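Undergrad: Quick one: the structure is below, and I'll ask about it shortly.
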Amino acid sequence: MARSRWLQEQEPKWQRLEALLNQSRHATAMLKPAEIREMGLLYRGLINDLSRAQSSAEYQHLEPYLNNLVQRCHGRVYERPPTTWRNVAQFFMMDFPRCFRKNSLLIALAFFMFVLGSTIAMATVHFNPETETYFLPQETINQLDRGILWTDGMQAAPSESSFLMTNNIRVAINAFAFGALFGVGTLLLLFHNGLFAFGGPLQVCMRHGMGLRLINFMIAHGVIELTTIFIAGGAGMLIGFAILFPGDLPRWQAIREKSKEALVLIMGCFPLLVIAGLIEGLISLNRHVETPIRITVAVLSAICLIVYLGFSGRASSEDRKN
């Protein structure tokens, strides 16, 4: 009698749970709020039913069925909500700029290493012109004397934008990935880029009367592009420094926590790099765009970045606590 009574009481609940599972076959969001709460309650009861079946010989024949039902329910009850446009907007308007401000010191350190490399390269070429070939090939230097910049062969086109975006993203990912080398890898990479990708070539161009031409090319897209590289560098150092200095947390937990912040930073960089690539491909490479327009784009880019990264999301209570 006891066995029959228990089964009579529980079987309708299992059947109801089966019905809810079938109804939410594609996503739990297909259920009404009341049905989602009902599924959670039925799931908790099902756990108890499975424990009873496992501990009692007379109900063990139900164990495979109940275990399968538990597994199916677990995926529904603990299903992550689908990403919506609201989630995307919250990430870019709140999570990313907050994370930027929280880790601004590391990002500033990335900026400092780049500037240090650039300064050393410029001073080296200025005081010892024979070092020019360390930074640019002799053939390129000869072209500078003829008034030809190495960017002159590139055309303003969507295909160039795509290539430049890919290259910028690669540099950002390298700055991020090298952080795994205890943060030192990122610092050295930024220092190297300052030496050979900016300071050295710029000073060589200035010695051969092409410095303003190069600045005129870089100025429109450079503000956004360099900012994102520094952010990616800060993200890389987050992980590296967590390995070296876990603080009060176990090292694995410190790495996990900092990795979440680093991922927010690097994901936020990608749209900015796309914008930088578009500006570089369609404006910087366009010889018909006059210098005042390029300067205007650079100034507007700087203002937008300051407002966005410095103030977006700051009005919330969470940001005030930080």
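The values are calculated or read from the model by the stated rules, or taken from the named source; none is laboratory data. What you see is a predicted model, and the numbers here were worked out from it, not measured in a lab. Virtual Cβ from ideal backbone geometry, glycine too; neighbours counted across all protein chains shown.
Undergrad: Consider only pairs whose beta carbons are under 9 Å apart and that are at least six residues apart or on different chains; among these, list those whose first residue lies in the range 248-260 and is under 16 Å from Gly236 (Cα atoms) and whose second residue is of a type in the set (Lys, Arg).
TA: Listed by first residue and then by second, the contacts come to nothing, as the list is empty.
Undergrad: Could you list, in sequence order, the residues of the range 37-51 that are within 14 Å of Asn67 (Cα to Cα) and not aliphatic (A, V, I, L, M)?
TA: Hits for the range 37-51 are Tyr43, Arg44, Gly45, Asn48, Asp49, Ser51.
Undergrad: For the range 244-274, what are the residues that are modelled with pLDDT of 90 or more and touching a Phe, Trp or Tyr at 6+ places or on another chain (Cβ under 9 Å)?
TA: Residues satisfying the conditions are Lys258, Ala262, Val264, Leu265, Ile266, Met267, Gly268, Cys269, Pro271.
Undergrad: Here's something else I'd like to know. What number of residues within the range 190-240 satisfy the criterion of being of a type in the set (A, V, I, L, M, F, W, C), over 21 Å from Cys269 (Cα atoms) and touching a residue at least 12 places away in the same chain (Cβ under 8 Å)?
TA: From the range 190-240, those of a type in the set (A, V, I, L, M, F, W, C) are 190-191, 195-198, 202, 204-206, 210, 212, 214-215, 217-220, 223-224, 226, 229-232, 235, 237-239; that's our starting set.
Now drop any that are not over 21 Å from Cys269 (Cα atoms), which leaves 195-196, 202, 204-206, 210, 212, 214-215, 217.
With touching a residue at least 12 places away in the same chain (Cβ under 8 Å) added as a condition, the list becomes 195-196, 202, 204-205, 210, 214-215, 217.
The qualifying residues number 9.
Undergrad: Scan the range 229-249 and tell me whether some residue there is at negative phi, part of a helix (DSSP H, G or I) and of a type in the set (Asp, Glu). Full working, then the answer.
TA: Going residue by residue through the range 229-249, those that are at negative phi are 229-246, 248-249.
Filter once more, keeping what is part of a helix (DSSP H, G or I): 229-244.
Going one step further and asking which of them are of a type in the set (Asp, Glu), we end up with none.
There is no residue in the range 229-249 that is at negative phi, part of a helix (DSSP H, G or I) and of a type in the set (Asp, Glu).
Undergrad: Give the residues of the range 217-259 that are of a type in the set (D, E, K, R) and under 17 Å from Ala180 (Cα atoms), sorted by residue number. Please lay out each step first, then the result.
TA: Of the residues in the range 217-259, the ones of a type in the set (D, E, K, R) are 225, 248, 251, 256-258.
Arg251, Arg256, Glu257, Lys258 - these are the residues of the range 217-259 that are of a type in the set (D, E, K, R) and under 17 Å from Ala180 (Cα atoms).
Undergrad: Test Arg314 against the stated conditions and say whether it is surrounded by fewer than 13 Cβ atoms within 10 Å (Cβ to Cβ) and at pLDDT below 90. Steps first, please.
TA: Working: surrounded by fewer than 13 Cβ atoms within 10 Å (Cβ to Cβ): no; at pLDDT below 90: yes.
Against the criterion (surrounded by fewer than 13 Cβ atoms within 10 Å (Cβ to Cβ) and at pLDDT below 90), Arg314 does not qualify.
Undergrad: From the list Gly222, Gly209, Gly194, which one is part of a loop (DSSP other than H, G, I, E, B), in the same structural domain as Glu139 (by TED's automatic domain parsing) and closer than 29 Å to Ile295 by Cα? Lay out the reasoning, then the answer.
TA: Numbers: Gly222 fails: part of a loop (DSSP other than H, G, I, E, B); Gly194 fails: part of a loop (DSSP other than H, G, I, E, B).
Just one listed residue meets the conditions, Gly209.
Undergrad: Could you tell me whether the range 265-282 includes any residue that is assigned by TED's automatic domain parsing to the domain that holds Met165 and either more than 20 Å from Ile169 (Cβ to Cβ) or not in a helix (DSSP H, G or I) (or both)? Give the derivation first.
TA: So in the range 265-282, the residues assigned by TED's automatic domain parsing to the domain that holds Met165 come out as 265-282.
Remaining after also requiring either more than 20 Å from Ile169 (Cβ to Cβ) or not in a helix (DSSP H, G or I) (or both): none.
Taking every residue of the range 265-282 in turn, none turns out to be assigned by TED's automatic domain parsing to the domain that holds Met165 and either more than 20 Å from Ile169 (Cβ to Cβ) or not in a helix (DSSP H, G or I) (or both).
Undergrad: Here are the criteria: (1) touching a helix residue (DSSP H, G or I) at 6+ places or on another chain (Cβ under 6 Å); (2) buried (at least 16 other Cβ atoms within 10 Å of the Cβ). Tell me which single one Met206 does not satisfy.
TA: Status for Met206: all satisfied but (1).
Undergrad: For the range 242-253, give me each residue that is closer than 21 Å to Ala175 by Cβ and either surrounded by fewer than 19 Cβ atoms within 10 Å (Cβ to Cβ) or of a type in the set (Ser, Thr, Tyr) (or both). Step through it out loud before you land on a result.
TA: If we filter the range 242-253 for residues that are closer than 21 Å to Ala175 by Cβ, which is where we start, we get 242-245.
Passing the criteria: Ile243, Leu244, Phe245.
Undergrad: Could you identify the single residue in Ile243, Ile275 that is under 24 Å from Cys304 (Cβ atoms) and touching a residue at least 24 places away in the same chain (Cβ under 8 Å)? Quick ask: steps written out before the conclusion?
TA: Working: Ile243 fails: under 24 Å from Cys304 (Cβ atoms).
When all the criteria are applied, what remains is Ile275.
Undergrad: Quickly run through the range 115-139 and pick out the residues that are polar (S, T, N, Q) and either modelled with pLDDT under 95 or surrounded by fewer than 16 Cβ atoms within 10 Å (Cβ to Cβ) (or both). So that I can check it myself, show each step before the final result.
TA: The initial filter retains those residues of the range 115-139 that are polar (S, T, N, Q), namely 118-119, 124, 128, 131, 133, 138.
Scanning the range 115-139 gives Thr119, Asn128, Thr131, Thr133, Gln138.
Undergrad: Any residue in the range 146-154 that is assigned by TED's automatic domain parsing to the domain that holds Ile283 and either on the phi > 0 side of the Ramachandran plot or assigned to a helix (DSSP H, G or I) (or both)?
TA: The answer is yes, given that some residue of the range 146-154 is assigned by TED's automatic domain parsing to the domain that holds Ile283 and either on the phi > 0 side of the Ramachandran plot or assigned to a helix (DSSP H, G or I) (or both).
Undergrad: Quick check on the range 99-109. Is at least one of its residues among the charged types (D, E, K, R) and assigned by TED's automatic domain parsing to the domain that holds Tyr308? Give the derivation first.
TA: Taking the range 99-109 as the starting set, the residues that turn out to be among the charged types (D, E, K, R) are 101-102.
Those left that are additionally assigned by TED's automatic domain parsing to the domain that holds Tyr308: 101-102.
Yes, that holds for at least one residue.
Undergrad: Would you point out which residue out of Ile275, Ile279, Ile255 is over 23 Å from Val88 (Cβ atoms) and touching a helix residue (DSSP H, G or I) at 6+ places or on another chain (Cβ under 8 Å)? Before the answer, list the steps.
TA: Details: Ile275 fails: over 23 Å from Val88 (Cβ atoms); Ile279 fails: over 23 Å from Val88 (Cβ atoms).
Every option except Ile255 fails the conditions.
Yes/no per residue for (1) closer than 14 Å to Gly75 by Cα; (2) surrounded by 12 or more Cβ atoms within 10 Å (Cβ to Cβ); (3) at pLDDT below 80:
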| residue | (1), (2), (3) |
| --- | --- |
| Gln10 | no, yes, no |
| Ser24 | yes, yes, yes |
| Ala27 | yes, no, yes |
| Asn48 | no, no, no |
| Ser55 | no, no, no |
| Tyr59 | no, yes, no |
